[in-house]
Amino acid sequence: SVFSRLFNIGCRSLAARECGAYEAADMILGQSLFGKSRQVKYINARQPHLRSKMLKPLNELKEMEKVEPNSTDKYEKDWISTYYPDRPDSLEAMCLYDFRRLHDRNSRWVEGPLAFRSESNGTLIVRKNPYLISHATYNFKEKQEEYCYSLLLLFKPFRKESEELVDAQSASCI
């Protein structure tokens with residue numbers, strides 16, 4: 001029968017390579033072999049001149065050009081340079097890593113302990129399930145400056161990145 005032929009083909013293809021019993025059962029049942037129960041957010045923990053920025057949508061840029069032709073505000077707001085430095089005073093000692101891991105943002109500003117200093121940034125929402133944080137990783141032996149900077153950026157609380165994380169005289173974080 002067709003069923004027995006397909007079953008034999010499946011068994012032969014599984015026998016062609018080593019796999020565990022769980023993997024074989026998942027393949028036969030058509031289930032995915034992996035999944036995740038938590039969301040992941042990326043923090044671009046690189047030095048400011050190496051970070052890429054996201055442009056605003058084209059229609060917004062065109063509208064801005066009509067209203068203000070010389071505007072330099074062409075990038076979207078981001079968590080490192082906009083929201084984290086503007087965090088509420090109650091979160092002054094919280095590092096960027098924990099700040100992003102534990103919070104989302106509501107664009108509506110509501111006065112309270114989780115309201116940003118600037119009303120245009122809205123209000124923070126505490127997450128029930130923290131995000132898993134992904135970030136750029138560096139080998140200390142090969143890129144000491146980038147390695148140290150990424151750790152400082154993620155785990156040292158700051159308000160003004162350029163003043164607090166980089167030594168002005170040497171332009172280095174080490």
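The values are calculated or read from the model by the stated rules, or taken from the named source; none is laboratory data. Just so we're clear, the structure is a prediction, and the values are computed from it rather than from any experiment. Every residue, glycine among them, receives a Cβ derived from its backbone with ideal geometry; neighbour counts consider all protein chains shown. For accessibility, only protein heavy atoms count, side chains too; no ligands or nucleic acids. Shrake-Rupley method; radii C 1.70, N 1.55, O 1.52, S 1.80 Å.
Computed quantities for the displayed model
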quantity	calculated
Enumeration of residues in the stretch 105-127 that are loosely packed, with under 12 Cβ neighbours inside 10 Å and either assigned to a strand (DSSP E or B) or among the aromatic types (F, W, Y) (or both)	V126
Selected residue (only one of L165, L151, L91, L114 is farther than 26 Å from Q47 by Cβ and not charged (D, E, K, R))	L114
Members of the stretch 40-82 that are aliphatic (A, V, I, L, M), within 17 Å of the chain's Cα centre (by Cα) and assigned to a helix (DSSP H, G or I)	L50, I80
Residues within the stretch 138-171 that are at pLDDT below 90, surrounded by 15 or more Cβ atoms within 10 Å (Cβ to Cβ) and in contact with a helix residue (DSSP H, G or I) (Cβ under 6 Å, 6 or more places away or on another chain), tallied	2
Matching residues in the stretch 64-97 - criterion: being in contact (Cβ under 8 Å) with a residue 60 or more places away in the chain, over 18 Å from N121 (Cα atoms) and open to solvent by 50 Å² or more (accessible area, probe 1.4 Å)	A93
